1. Tell me the label-point distance for the pair residue 61, residue 259, using the 7 Å Cα-to-Cβ offset, in nm and rounded to one decimal.
2. Could you please rank 185, 287, 194, placing first whichever residue has the fewest other Cβ atoms within 10 Å of its Cβ?
3. What is the gain in length, in nm to one decimal, between residue 46 and residue 163 on full extension, counting 0.36 nm per residue of separation less the C-alpha to C-alpha distance?
4. Using a 7 Å offset from the Cα along the Cα-to-Cβ direction at both residue 275 and residue 249, what is the distance between the two label points in nm, to one decimal?
5. Relative contact order for the stretch 194-293: what is it in percent, counting Cα pairs under 8 Å that are at least 6 residues apart?
6. Give me 21, 225 sorted ascending by neighbouring Cβ count inside 10 Å, so fewest comes first.
7. Would the stretch 235-282 count as rounded, prolate or oblate if I go by the C-alpha gyration tensor, calling it rounded below 1.5 in a/c and otherwise prolate when a/b exceeds b/c, oblate otherwise?
8. Compute the Cα gyration tensor for the stretch 1-98, then decide on rounded, prolate or oblate, letting a ≥ b ≥ c be the square roots of its eigenvalues: rounded whenever a/c is under 1.5, prolate when a/b is larger than b/c in the other cases, and oblate in all that remain.
């Protein structure tokens, strides 16, 4: 039994799971962009523009436009910080609630699919213990938000650390770039691993009705007991996601290459379509990987194959079996009981 194949099989047989995942993820994305655009225009309404600044903006001279913008934006840093904090807090709360509800729905559907296959197509009866614990899922979502915040602070710290390695008198741009790239990559790897671990723990919250910390411990036990299966599923789906990203990056270069001859709206529409297609494929692979983890948890592990020992040779013997003497040479022809001629 291959968890990777089982994950793809589950998604192809239940495509509604992918549509459900896309629905709740993209609804959050649309809300994010809508709030961002509204917040941006509301911020612009608070900026006072004098007649002199307006004349400088209409001059279309880069130096004059920059001076007008500098004068207009001066003194608005506090409003930017306040608006960003309110905006981030609202998005964090929305993500915590929406991700917990969405993950509960998709995981319950996956569990119903695999358990129905084990009971010959009959859906198992739902009990109180099978109900997803939204409180535990909410806690896991809060942990994911906290991990994302820590990763953002780590990236900011990378730029601060790189700034400390160089100075105006002794500039070291190469060293600063290396420090920034190294720290950012380390932070991204740690954040990705923590995000994966928390998403795996959500499976145990729904499947086993465990609380937050019990689910985290169960996720560690699964990785230790089924290391090969978990590592194989994660590797294959990671490679598939990387391939999708490379293909999307290559395809998106086509409308960008036509920017000089095609209208701007057409180029923007092409980039938007490629981006949405990539996000749809990414959600499909995410659900397939989640189905593979559920398959590892729900389906029985295949028993190990035991080699049959050779007759007359111990199973752990590394020596070749002893040579046997031909039967014809072991027969005593003078023995009377073996003779077919009656004796007088």
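Just so you know, all these numbers are worked out from the coordinates, no wet-lab data involved. In this text, all values refer to a predicted model and were calculated from it rather than measured experimentally. Heads up, the Cβs are rebuilt from the backbone with ideal geometry, glycines too, and the neighbour counts pull from every protein chain shown.
1. 2.7
2. Working: 185 11, 287 24, 194 17.
Ascending number of Cβ neighbours within 10 Å: 185, 194, 287.
3. Details: separation 117, 0.36 × 117 = 42.12 nm, distance 3.32 nm.
Extra length available between residue 46 and residue 163 comes to 38.8 nm.
4. Between residue 275 and residue 249, the simple spin-label model gives 1.7 nm.
5. Details: 54 pairs, mean separation 28.5, N = 100.
The normalised contact order for the stretch 194-293 reaches 28 percent.
6. On the way: 21 21, 225 11.
Fewest-to-most ranking of 21, 225: 225, 21.
7. Details: a/c = 6.72, a/b = 2.48, b/c = 2.71.
Here the stretch 235-282 falls in the oblate category.
8. Details: a/c = 4.27, a/b = 2.83, b/c = 1.51.
It comes out prolate by the Cα gyration axes.
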